[in-house]
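Here the structure is laid out as structure tokens; the discussion comes afterwards.
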Number of protein chains: 2
Amino acid sequence: MCSWEVSKEDREIYLNLVYAKNFPKGQKIFSSETECRGLVLIEYGALRAYIISPNGKEINLFVLKTGDYCILSASCMLKNISFEVNLEFIETSSVFILPSKAFNEISNKYKKAKQFHLDLLSSRLSNVVDSLSSLAFMSLSDRVMAFLLNSIQNKGTNSLYITHEEIANSLGSAREAISRVLKELQKQGKISQTRGIIEILEAQSV
Amino acid sequence: MCSWEVSKEDREIYLNLVYAKNFPKGQKIFSSETECRGLVLIEYGALRAYIISPNGKEINLFVLKTGDYCILSASCMLKNISFEVNLEFIETSSVFILPSKAFNEISNKYKKAKQFHLDLLSSRLSNVVDSLSSLAFMSLSDRVMAFLLNSIQNKGTNSLYITHEEIANSLGSAREAISRVLKELQKQGKISQTRGIIEILEAQSV
């Protein structure tokens, strides 16, 4: 909040409104009017933002990790957001939340906070364009490999506890297609699969 | 500019910087540092924003029409935009341009202008999410039909002068696939094709 150049008095007021919260892996939060939480800072953990088709198919807009801010958890503040965004913690996470009303007030009062808001939204626009680009231009096999590599990034391990269903839901694909691709990647020696664990063998070389 | 609550003096200064420009159909403008034009208001015409893969495949991020503002033509102002956006006029167009430097100044000086900037970016985020959603969840046939219907919207005619190649480039598909789909749509009586013109027959019912 320092970088927003908020006055000492206001800082005290707003810092008192910030609260910490833990979420288990798999917990969903929403951004609809009734559950518009506010600006979320991920202290540790990971969160995926995704959309759902009318028949229940899912696809990730982006994944946020430790140190990232989630602005779509406050999308009730953004009057031109016309899509329904869903948020799910994909790791056990601890976050700090600045409630929407307070963030809105700071954003309206301090130009630097509004600029922060704008910069954050630009980042998310870039994230979604990246997802669109992968979906349009990459093979499913390359998308799965990129997803796995991204998932182990900064983790200090090459092993992932993840189901084929979870990968399918993230990539807007079908479980059967993902299983087929993983089998192929295993055959190519890029990954190994045992008891619900996927190990990435080519993390360095890709 | 009135709605940004800009002072009378500033309004005079900035209105003098706004200029009108005409672009022929097919004209490309870019958003890179060297050609960052500014905030564009489409007086009449249409513009598509698209990305290109390393091997030259294209896909639309969104299409803007008469009355829309294009902010990505000023993406040099947005420090967190990491993708290269391409802009192409898909109809003969007339636009008003507020140069980036001036828009940046107003946006920094007036909170309402910054909010306008933020709202515009939210809209474009929604547009890109819509594109991602179509690509992930809709069949190519449905995407082509939606594209055709969207193209004739507000046009007062059901005829389109458009090549299969242009449709392919907009939808991130191959020309052959588009030709196949159009043939199928023709067989179903939804469109007719003659001498480079596609006529949409089911505009009302879809």
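Please verify whether B:Ser170 is among the hydroxyl-bearing types (Ser, Thr, Tyr) and more than 14 Å from chain A (Cβ to nearest Cβ), treating the condition exactly as stated. Answer is no for this residue.
When you scan the stretch A:159-166, do you find a residue that is among the polar types (S, T, N, Q) and either in contact with a helix residue (DSSP H, G or I) (Cβ under 7 Å, 6 or more places away or on another chain) or within 24 Å of B:Val128 (Cα to Cα) (or both), even just one? So that I can check it myself, show each step before the final result.
The initial filter retains those residues of the stretch A:159-166 that are among the polar types (S, T, N, Q), namely A:159, A:163.
In the following step, the residues that additionally are either in contact with a helix residue (DSSP H, G or I) (Cβ under 7 Å, 6 or more places away or on another chain) or within 24 Å of B:Val128 (Cα to Cα) (or both) were identified as none.
The answer is no, given that none of the residues of the stretch A:159-166 is among the polar types (S, T, N, Q) and either in contact with a helix residue (DSSP H, G or I) (Cβ under 7 Å, 6 or more places away or on another chain) or within 24 Å of B:Val128 (Cα to Cα) (or both).
Just checking, which of B:Ser141, B:Ser133, B:Ser179, B:Ser173 is touching an Asp or Glu at 6+ places or on another chain (Cβ under 9 Å) and either open to solvent by 20 Å² or more (accessible area, probe 1.4 Å) or not basic (Lys, Arg) (or both)? First the steps, then the outcome.
Working: B:Ser133 fails: touching an Asp or Glu at 6+ places or on another chain (Cβ under 9 Å); B:Ser179 fails: touching an Asp or Glu at 6+ places or on another chain (Cβ under 9 Å); B:Ser173 fails: touching an Asp or Glu at 6+ places or on another chain (Cβ under 9 Å).
Answer to the check: B:Ser141.
Remark: pairs (first residue in the stretch A:100-123, within 9 Å of chain B (Cβ to nearest Cβ) and free of Cβ contacts under 8 Å to residues at least 60 places away in the same chain; second residue small (Gly, Ala, Ser) and open to solvent by less than 30 Å² (accessible area, probe 1.4 Å); Cβ separation under 6 Å; 6+ apart in sequence or on different chains) = A:Ser107/A:Ala113; A:Lys114/A:Ser107; A:His117/A:Ser107.
B:Ser131 satisfies every condition listed in (1) hydroxyl-bearing (Ser, Thr, Tyr); (2) more than 7 Å from chain A (Cβ to nearest Cβ); (3) in a helix (DSSP H, G or I) except (2). Between B:Asn154, B:Asn127, B:Asn104, the distinction of being in contact with a helix residue (DSSP H, G or I) (Cβ under 7 Å, 6 or more places away or on another chain) and open to solvent by 30 Å² or more (accessible area, probe 1.4 Å) belongs to B:Asn104 only.
Return the pairs, sorted by first residue and then second, in which the second residue is at pLDDT below 90, the first residue lies in the stretch A:38-56 and is assigned by the TED database to the domain that holds A:Glu165, the beta carbons are less than 9 Å apart, and the residues are 6+ apart or on different chains. Listed by first residue and then by second, the contacts come to nothing, as the list is empty.
Please go through the stretch A:1-53 and give me each residue that is assigned to a helix (DSSP H, G or I) and at pLDDT 90 or above, ordered by number.
A:Lys8, A:Glu9, A:Asp10, A:Arg11, A:Glu12, A:Ile13, A:Tyr14, A:Leu15, listed by residue number.
Quickly run through the stretch A:51-84 and pick out the residues that are crowded, with 19+ Cβ neighbours inside 10 Å and of a type in the set (S, T, N, Q). Within the stretch A:51-84, A:Asn60, A:Ser73, A:Ser75 qualify.
Looking only at the stretch B:57-91, which residues are in contact (Cβ under 8 Å) with a residue 60 or more places away in the chain and under 15 Å from B:Glu166 (Cβ atoms)? Break it down stepwise before answering.
At the first step, the residues of the stretch B:57-91 found to be in contact (Cβ under 8 Å) with a residue 60 or more places away in the chain are B:57-63, B:65-66, B:88-91.
Within the stretch B:57-91, B:Lys57, B:Glu58, B:Ile59, B:Asn60, B:Val63, B:Glu88, B:Phe89, B:Ile90, B:Glu91 meet the criteria.
The values are calculated or read from the model by the stated rules, or taken from the named source; none is laboratory data. Since this is a predicted model, take the numbers as computed values, not measurements. When we count neighbours, we look across all protein chains shown, and the Cβ atoms used for this are built from the backbone with ideal geometry, even at glycine. Side chains included, ligands, DNA and RNA excluded: accessible areas come from the protein's heavy atoms. Shrake-Rupley method; radii C 1.70, N 1.55, O 1.52, S 1.80 Å.
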